[in-house]
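What follows is one structure encoded as structure tokens, with my remarks underneath.
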Amino acid sequence: MNNSSATRSPNVHAGAIDKLVSFGRKKDGVVSIEAALLFPMMILLLLGTIDVTHAISLKRKVAVAASAVVDLTTQESANVTAGELDDFILAADAILKPISSTDIKVDLVNYERDGSNVTERWSHSRGGCGGAPSSMTGSALNDLTQEENDIVIATVCVTFQPLVGYINGGGSWEIEESVAQRPRNGLTLECNNC
């Protein structure tokens, strides 16, 4: 009997070691676990790539829209009306399609310089972006203007909601661009009913 218990012990240990070795070699389910861990990350990566591409495209469209609005405005002769400015703002709507015109905000501001003071001559907006950005006020605006020569600044802004924001509860942000130009058909540009 002693011999049988002595011979049994190595077999029990060998069986346990064989089971551990075979467990380490089995690959059943590993791919499923890896996929379950990586799939959400891959979806977020895909949506993030789509968001970045969309944001870059929208930023470029907003810049083109601001440029078009200020370009149309500064091509006018000495006077422009509020109705004409509303028509120029429609150019931004056409450029930024399919975004709804109610989601597109546009500001047009005309500044004049009198000596060392730069003052707002007139402004017109739809929705309101908050006027000229801080980069085009103060000393920067003083550097842009010349005596008795107006400068018109168009600011276009659109709210951007990323796809990833819908998933993780993140918010939206505003994409904004401003373009400044001088009147082309004279030194100043007056606006009636602005």
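On inspection, Arg184 does not qualify as among the charged types (D, E, K, R), modelled with pLDDT of 80 or more, out of contact with any Gly (no Cβ under 6 Å at 6 or more places or on another chain) and not in a loop (DSSP other than H, G, I, E, B).
Residues in region 140-192 that are closer than 27 Å to Leu44 by Cβ and of a type in the set (A, V, I, L, M): Val158, Leu163, Val164, Ile167, Ile175. Residue count for region 174-194, restricted to those that are of a type in the set (A, V, I, L, M, F, W, C) and either open to solvent by 30 Å² or more (accessible area, probe 1.4 Å) or free of Cβ contacts under 8 Å to residues at least 24 places away in the same chain (or both): 4.
Taking region 99-112 as the range and being within 24 Å of Cys191 (Cβ to Cβ), open to solvent by 30 Å² or more (accessible area, probe 1.4 Å) and in contact with a strand residue (DSSP E or B) (Cβ under 7 Å, 6 or more places away or on another chain) as the test, the residues that pass are Lys105, Glu112. Residue-level check: of (1) touching a strand residue (DSSP E or B) at 6+ places or on another chain (Cβ under 9 Å); (2) open to solvent by 60 Å² or more (accessible area, probe 1.4 Å), Gln75 misses just (1). The set of residues from region 56-82 being over 16 Å from the mean Cα position of the chain (by Cα) and free of Cβ contacts under 8 Å to residues at least 60 places away in the same chain comprises Ala68, Leu72. Within region 143-163, one or more residues are open to solvent by 30 Å² or more (accessible area, probe 1.4 Å), touching a helix residue (DSSP H, G or I) at 6+ places or on another chain (Cβ under 6 Å), aliphatic (A, V, I, L, M) and part of a helix (DSSP H, G or I). The residues on offer are Leu46, Leu85, Leu96, Leu38, and the sole one that is aliphatic (A, V, I, L, M), in contact (Cβ under 8 Å) with a residue 24 or more places away in the chain, surrounded by 10 or more Cβ atoms within 10 Å (Cβ to Cβ) and within 27 Å of Val164 (Cα to Cα) is Leu96.
The values are calculated or read from the model by the stated rules, or taken from the named source; none is laboratory data. What you are looking at is a predicted structure, and each value in this text was computed from that prediction instead of being measured. Neighbour counts are summed over all protein chains in view; Cβ atoms, including those assigned to glycine, are modelled from backbone coordinates with ideal geometry. Surface accessibility is based on the protein's heavy atoms, side chains included, excluding ligands, DNA and RNA. Shrake-Rupley method; radii C 1.70, N 1.55, O 1.52, S 1.80 Å.
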